[in-house]
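The values are calculated or read from the model by the stated rules, or taken from the named source; none is laboratory data. What you see is a predicted model; the values in this text were computed from it and never measured. Here the Cβ is made from the backbone with ideal geometry for all residues, glycine too, and neighbour counts use every protein chain on show.
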Amino acid sequence: MKKIKITLGLLVVVFVALVIYQNRGYFFAKQALIFILVPEKFQWTAPEVQNVAFFGGCLAIGILIAGYLSLVSKFRSMKSIKQLNKTIVSQVETIESLKAELENFKAPSNPDNLEKREENLSSNNALPNNETPLLKD
């Protein structure tokens, strides 16, 4: 796959070089850019530069913008991954504690485990002492 990417990239570079070479009269002609902010009050003219420099500058600016946006996206995804990993760790801890509690209830009844079960049941009981649970038939 890596060789295919390199080959495609090389083909694109060769194609762009071929287009520039075949149209070198246009690409190497010098032109000046004119910027008029308010008509007749402010006018700025850039020095004459070859068209290929303008294209190269636009390409460089595009690459910088795309790189910045991908970097921001990468940092956001890293932050999200860290938060999701923390959630996974807390859920694994909860699962382990629930498994331990389940094993406590599955263990054969001997006096020690019976006392522990009664303590767990009494601590988990949310009803006040004077209320009885409602049973549905």
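Among the residues of region 47-73, write down those that are among the polar types (S, T, N, Q) and at pLDDT below 95.
First, pick out the residues of region 47-73 that are among the polar types (S, T, N, Q): 50-51, 70, 73.
Matches in region 47-73: 50, 51.
In region 53-76, the residue that is farthest from residue 26 (Cα to Cα) out of those that are small (Gly, Ala, Ser) and within 19 Å of the chain's Cα centre (by Cα) is 73.
Taken over region 40-60, the criterion of being loosely packed, with under 10 Cβ neighbours inside 10 Å and part of a loop (DSSP other than H, G, I, E, B) is satisfied by 40, 41, 47. Residue 37 meets all of the listed conditions (1) surrounded by 11 or more Cβ atoms within 10 Å (Cβ to Cβ); (2) more than 34 Å from the chain's Cα centre (by Cα) but one, namely (1).
Across region 23-37, the number of residues qualifying as over 16 Å from residue 50 (Cα atoms) and outside any strand (DSSP E or B) comes to 0.
State whether the residues of region 74-86 include one that is assigned to a loop (DSSP other than H, G, I, E, B), hydrophobic (A, V, I, L, M, F, W, C) and at pLDDT 60 or above. Checked region 74-86: no residue is assigned to a loop (DSSP other than H, G, I, E, B), hydrophobic (A, V, I, L, M, F, W, C) and at pLDDT 60 or above.
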